[in-house]
Amino acid sequence: MHVLTSLARQRQWFSGALILVVVGGVLWHFSPGIPVLWEPSASAADREAGQMLFEHAWLPNDPLAGGDGLGPVFNATSCVACHFQGGVGGGGTRQQNVVTYEIQPTPGDPQIRSGTIHACATEPSFQESQSLLRGLHPILKGETRTLGTPECPYTIVIPDFDPVATGNLNPTALFGAGWVDRISSKAIRANRRTRMLAAAFKEVGGEFNIIPAGRPRLLPDGRVGKFGWKAQFATLEEFIASACANELGLSNPLMNQAAPLGQGGAPNGATDLDRKQFAQLVAFLDTLERPSERVPEDAGGQTRATRGKQLFHEVGCAVCHTPDLGGVQGVYSDFLLYSLENPTPQGNSYQGQEPRVPVPDGQPKPEEWKTPPLWGVADSAPYFHDGGSPTLQTAILRHRGDASAVTAAFTKLSAQDQEAVIAFLQTLKAPGSLLIRGGQP
């Protein structure tokens, strides 16, 4: 009898423990995960060395490089040449825009390819251009086909298809990048689920003018992208590796230097940045101070900024530009992809054309962009991915597609209230703690 009682008690304990594990697993699955609890840190020596590398003007066969140094193709000779507004690590002006391209899949080449048309080269034979790119990826000629039966024929017209799309991208500010790096994928997904649940309740209540939730950029390995205008990088380290390789032509432990268009490989395969140098550069950018909200000292300015912050939430800006996420306060982003342009007449297709080969579902559409963090936005003009909006006002009015409802709500505000929203955004200042040695580029 005692043995049976003991066995029943063990079964009860086991069942209870199993229920706790299942419930805990479900709660963890739907939770935002562990918030960011500690600020990024690195030794003073590593930060100093990293800043030196960030500001260094690289040369071909540079003494600091283990390989061939700058190039063979590049857009700038230093990191700070494009990241300087508001201090070392800030954004760039429109003059620092880079020309990017994306090659859509075709029957002969079913992979999507993307890259940069570099502005500079170490040798004339390496120089890139849009005409060179289009020569490598020509327009696919259309055709007319007759289908059906002899009794009931019909024809279809397949138009020409240009697989090449080019655009301009503006260098982003890197302040607080280490904090962003530590925001978990779970936090991004949990915030999106909360948004979708809230939207469902609103629709049940008869409210249909809702800002749709964006989608996370899922990389091939399942991670969520957070860095880059298309959220194409999951970590700060990967973002830095790509920038070194593509913008400066500096090979590093994670990525080879960019090869000139149409050429199979770079002239020198040796690594330009060794592991120690690369780690120091990452340490510097990882510990860049995050921006902060600085309210004006005068009473009138404080009133306008406070009113603007309230309106920022009321018109719906804060839905996508989420103020706090994953334990990081004041970031103002949900890191999701949104369509910010109205669909073409043919639908959400590539330049109004349907690709000859289906595009993977996870690939961002040309009109989709990641919500950029707004912290430091007061010191990062021009705005939007292409730097095509010179002021905060023009940037707000440019929001279309998924953000059309927010733009409409903003335009209905009085001129005074619109100015208040701008006044609030102007309180989101860059840290400004690191000045560029030797002056601004």
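The values are calculated or read from the model by the stated rules, or taken from the named source; none is laboratory data. Note that the structure is predicted; figures quoted are calculated from it, not measured. FYI the Cβ positions are ideal-geometry reconstructions off the backbone, even for glycines, and counts take in every protein chain you see.
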Enumeration of residues in the stretch 55-78 that are in contact with a His (Cβ under 8 Å, 6 or more places away or on another chain) and under 30 Å from D386 (Cβ atoms): V73, F74, N75, S78
Among (1) surrounded by 10 or more Cβ atoms within 10 Å (Cβ to Cβ); (2) at pLDDT 75 or above - the single one W38 does not satisfy: (1)
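Yes/no matrix, rows are residues, columns are (1) surrounded by fewer than 16 Cβ atoms within 10 Å (Cβ to Cβ); (2) at pLDDT below 95:
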position: P105; (1), (2): no, yes
position: C120; (1), (2): no, no
position: H137; (1), (2): no, yes
position: Y154; (1), (2): yes, yes
For T77, are the conditions met, namely being among the polar types (S, T, N, Q) and modelled with pLDDT under 75? no
Hey, could you check the stretch 378-409 for residues that are among the hydroxyl-bearing types (S, T, Y) and in a helix (DSSP H, G or I) and say which is surrounded by the most Cβ atoms within 10 Å (Cβ to Cβ)? T407
Can you tell me which of (1) out of contact with any helix residue (DSSP H, G or I) (no Cβ under 6 Å at 6 or more places or on another chain); (2) crowded, with 19+ Cβ neighbours inside 10 Å; (3) of a type outside the set (D, E, K, R); (4) in a helix (DSSP H, G or I) is the one I240 doesn't meet? (1)
Tell me which residues, restricted to the stretch 410-434, are assigned to a helix (DSSP H, G or I) and either in contact with a helix residue (DSSP H, G or I) (Cβ under 6 Å, 6 or more places away or on another chain) or not charged (D, E, K, R) (or both). F410, T411, A415, Q416, D417, Q418, A420, V421, I422, A423, F424, L425
Can you tell me which residue is surrounded by the fewest Cβ atoms within 10 Å (Cβ to Cβ) among those in the stretch 178-218 that are touching a strand residue (DSSP E or B) at 6+ places or on another chain (Cβ under 8 Å) and of a type in the set (A, V, I, L, M, F, W, C)? L218
For the stretch 297-315, check the following and say yes or no: at least one residue is touching a Ser or Thr at 6+ places or on another chain (Cβ under 9 Å), among the polar types (S, T, N, Q) and assigned by TED's automatic domain parsing to the domain that holds E102. no
